[in-house]
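Chemist: Dropping a structure here in C-alpha cells format, bear with me for questions.
Each reported figure results from applying straightforward, stated rules to the coordinates on display, with no laboratory input. No experiment lies behind these values; they were computed from the predicted model shown. As a convention, Cβ positions derive from the backbone with ideal geometry for all residues, glycine included, and neighbour counts pool all protein chains shown.
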Amino acid sequence: MTAVETARALQEKFPGTIRAVVEFRGETSVTVDLAGLEAVLSYCQGELAFDLLLDISSVDNMGEDPRFVMVYELYSLSRKVHLRVKAGVAEDSLEVPTVSGLWATADWHEREVYDMMGLRFTGHPDLRRILMWEGYPFHPLRKEFPLGGLPSEMPDVAFTGTAPLEGGPFVTSSGATDRVSAEPRAKGER
C-alpha cells in the first residue's frame, strides 16, 4: 500500500475527520480535525503499521485561523511508506492530545513543541521545558518573538567561567548590552 492508498484508506475509515489529502513532489500529507487526531494516529500506528514516528513539529501561521498546525512525520518500516499527518490548533485552546503512548519518542518531540511554541499536550507523562529553563515566560519559535530575544531573569550560570571555545573560530561579546551583539560571530566580523 502506497502513501496515496494509505490516505484513501484513512478517508474511508474517518470520513468526517479527514479535511484534505495533498500530494506534492512525491510526498503525501493528510490534514485531519484536531478532535480526531488521536484516533487517526492510533489507527496509523496499529492497523497501518506506521511503527516509526520520525518527527513532530509545529508551524505558527500568525494571522490565520487556526494559528498553529501540528505536523507528524510517520514511516512504516515494513511497507517503506512515509506519511505526513497535520492538524490545526486554534490560538484560544492550545491543547493537543499526546501520542507518547503510541510512540515513546513522542515524549521529547512534544516537550520541544511545548517549550518553543507553547502548545500543551493533554495526557503527557512529563510535560516540562526541554531547551529553555523552567520559569522562562516566552516561547521562542512563535512569530511574535523578536529575533534579538526578550529580556528575562536568566540565571548567571551561563556566563561564569572560561568560554569553552575560547580562541576558536568564533568570538562572543560577553559584556554586550543586548542579545544581538552578544551572538557568536566569525573573527574580524562586526
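Chemist: What list do you get for Phe50, Phe68, Phe145 if you sort them by fewest beta carbons within 10 Å?
Modeler: Fewest to most other Cβ atoms nearby, the residues stand as Phe145, Phe68, Phe50.
Chemist: Please report Ser57, Ser100, Ser93 as a ranked list, fewest other C-beta atoms within 10 angstrom at the top and most at the bottom. Intermediate results must be reported in sequence, preceding the final value.
Modeler: Working: Ser57 15, Ser100 22, Ser93 12.
Starting with the residue having the fewest Cβ neighbours, the order is Ser93, Ser57, Ser100.
Chemist: Please state, to two decimals, what the Cα-based radius of gyration of region 78-137 comes to when divided by 2.2 N^0.38 Å (N = residues).
Modeler: My calculation over the Cα atoms of region 78-137 gives 1.25.
Chemist: Quick one: what are the phi-derived ³J(HN,Hα) couplings along region 26-33, Karplus 6.51/-1.76/1.60 with θ = phi - 60°, whole Hz, x for glycine and proline?
Modeler: x, 10, 10, 10, 10, 9, 10, 5
Chemist: Can you give the local net charge around Val30? Use residues other than it whose beta-carbon is closer than 15 angstrom to its beta-carbon, Lys and Arg +1, Asp and Glu -1.
Modeler: So the environment of Val30 carries a net charge of -3.
Chemist: How far is it, in nm, from the label point at Ile130 to the one at Asp51 when both lie 7 Å from their Cα along the line to the Cβ?
Modeler: For the pair Ile130/Asp51, the computed spacing is 2.3 nm.
Chemist: Enter the Cα centre distance for the pair region 4-55 and region 62-99, rounded to the nearest angstrom.
Modeler: With region 4-55 and region 62-99 each reduced to a Cα centre, they are spaced 10 Å.
Chemist: From Cα coordinates alone, what are the radius of gyration and Dmax values for region 1-118 in angstrom?
Modeler: Radius of gyration, then largest Cα-Cα span, for region 1-118: 13.5, 41 Å.
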